[in-house]
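Before any comments, here is the structure.
The values are calculated or read from the model by the stated rules, or taken from the named source; none is laboratory data. Fair warning: this is a prediction, and the values are worked out from it, not measured in the lab. Please note: Cβ atoms are built from the backbone with ideal geometry, for glycine as well, and neighbour counts cover all protein chains shown. For the accessible areas, the whole protein counts, side chains as well, though only heavy atoms, and no ligand, DNA or RNA atoms are used. Shrake-Rupley method; radii C 1.70, N 1.55, O 1.52, S 1.80 Å.
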Amino acid sequence: MIIKAKERGNAAQLGRYLIAMRENDHVELHEVRGFVSDNIVKAFTEADAIAKGTRCKNHMFSISLNPPPDQNPPVEAFESAIGRIEGELGLVDHPRAIVFHEKDGRRHVHAVWSRIDGEAMRAINLPFYKQTLTGISRDLYREHGWQMPRGLADRDQRNPMNFSHSEWQQSKRTRQDPRAVKEVMREIWTGSDSSQAFETALEERGYRLARGDRRGFVVVDWRGEVYSLSRSTGAKTKEIKARLGDPGSLLPTDEVRHSISERMSPKLRAWAKEAQARIEKQNLSAKFQREELVQRQRDLRQQLREKHEERRIAEELARAERTPKGMRGLWGWITGKNKKIRLENEVEMKSAQSRDRAEKQAVIDAQLAERRRLKARSDAAREKQQERLNALNSGVAHYMKLGVQVPKAAPQKPKVRAREHNKDPGRGPNFTPN
């Protein structure tokens, strides 16, 4: 499993984030341990209050465990990995919460600990925790027999198409796949051998080269969005400087944005906005299918929870009736019969819990498979959408460069209602006698 971790504060806000549906298909609060409240937001508010008695600001330790996209490890596998992590980091018995998230046919888990030792009123130090978690992650891949990502096996082999959280937020604003943007940038970079050729190729695709705030190279698109050149192309800083020269010779980001804005006439801006709206509208079908599928899956899981709860209550009542009461109960206690019944009930209860977990996991596995099939169809539609967005970027760049008028959309014929086609414009309605 890929493990991401962070020390952070503002636990109450984190609790709200973990249980919010947002873009998740399913959210399940699996465990809240060591807090007075079993509500995660109230529990994390407790953690914030306790931390005020210390000097520690980042008093929470949060991790996420992400298995490979095509794997469905059971709950026990996640619990085992979390137990191993807290054991190696010295967080055993610290207050903890576990939340499962599902999105796009993938299931991952978040685990959060309070770092504060309540008795000593100090935070547990976590030195070199990233190295520790990297070692655990590699071990988990080997133990489960999963193919290890190249970037995990060797840091120098990390996938250049991976994107950061800020790039993901940027993609939501522009409606573009960040991987596709990087692919375009890398294609332009590898296809040019000089600074002039690179800038020309950028402008043909709707981008402009600029100087970033830290005097680095950045790229600005016609929307005003800024992209790091080194992250987008995967090229080293020295390699970029060797080809493009000193970034100080370039215009700063704000001036490039202003230049683009001046060249974007109101008609061109309106045309681009209308074209992007048409592209996004074509993807509404996939969005509707996803919402319908997710709601159906949620209803099925709710029905399963209700079924398990009803069966649990009925089975507990049946087990309780086996224990004799009154004088028979006293005699059973003396003879040891009650103890035997209690042990049998405990075995049966554990078996029932395992049965319910297996039924739940089977439903989850089936729904994940169904969600992955829908995602495959959505990905195909998204690729076509990205092709249209790339064409839009090139089209905007073309009209900006030439300074010509944008093409007008074909006028739509007005709809004529059946009862009005015989109306005389100079007279009132033409009533036909019976």
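Summary of values
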read-out	value
Residues within the stretch 8-61 that are assigned to a strand (DSSP E or B), under 25 Å from the mean Cα position of the chain (by Cα) and of a type in the set (Lys, Arg), tallied	1
Wholly within the stretch 253-352, helices (runs of 4 or more DSSP H) carrying at least 1 residues that are closer than 30 Å to Ser228 by Cα and either open to solvent by 70 Å² or more (accessible area, probe 1.4 Å) or in contact with a Pro (Cβ under 9 Å, 6 or more places away or on another chain) (or both)	253-263, 266-281
Flag for Ser37 being surrounded by 15 or more Cβ atoms within 10 Å (Cβ to Cβ) and closer than 30 Å to Gln295 by Cα	no
Lone qualifier among Gln169, Gln147 - being surrounded by fewer than 17 Cβ atoms within 10 Å (Cβ to Cβ) and modelled with pLDDT of 85 or more	Gln147
Residue within the stretch 74-86 that is at pLDDT 90 or above, touching a strand residue (DSSP E or B) at 6+ places or on another chain (Cβ under 7 Å) and surrounded by fewer than 19 Cβ atoms within 10 Å (Cβ to Cβ) present	yes
Some residue of the stretch 114-136 being farther than 21 Å from Asp365 by Cβ, hydroxyl-bearing (Ser, Thr, Tyr), open to solvent by 20 Å² or more (accessible area, probe 1.4 Å) and without any contact (Cβ under 8 Å) to a residue 60 or more places away in the chain	yes
Contacts under 7 angstrom Cβ, first residue in the stretch 75-100 being under 16 Å from Tyr141 (Cβ atoms), partner open to solvent by less than 10 Å² (accessible area, probe 1.4 Å) and β-branched (Val, Ile, Thr), 6 or more apart	Phe78/Val109; Arg84/Ile136; Ile85/Ile63; Ile85/Ile136
Test: residue in the stretch 58-66 that is open to solvent by less than 30 Å² (accessible area, probe 1.4 Å) and of a type in the set (Phe, Trp, Tyr)	yes
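Residues are listed down the side, and each one gets a yes or a no for (1) in contact (Cβ under 8 Å) with a residue 12 or more places away in the chain; (2) of a type outside the set (Val, Ile, Thr):
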| position | (1), (2) |
| --- | --- |
| Ile313 | no, no |
| Arg328 | no, yes |
| Gly332 | no, yes |
| Lys339 | no, yes |
| Asn345 | yes, yes |
| Ser354 | no, yes |
| Glu370 | yes, yes |
| Arg377 | yes, yes |
| Gln386 | yes, yes |
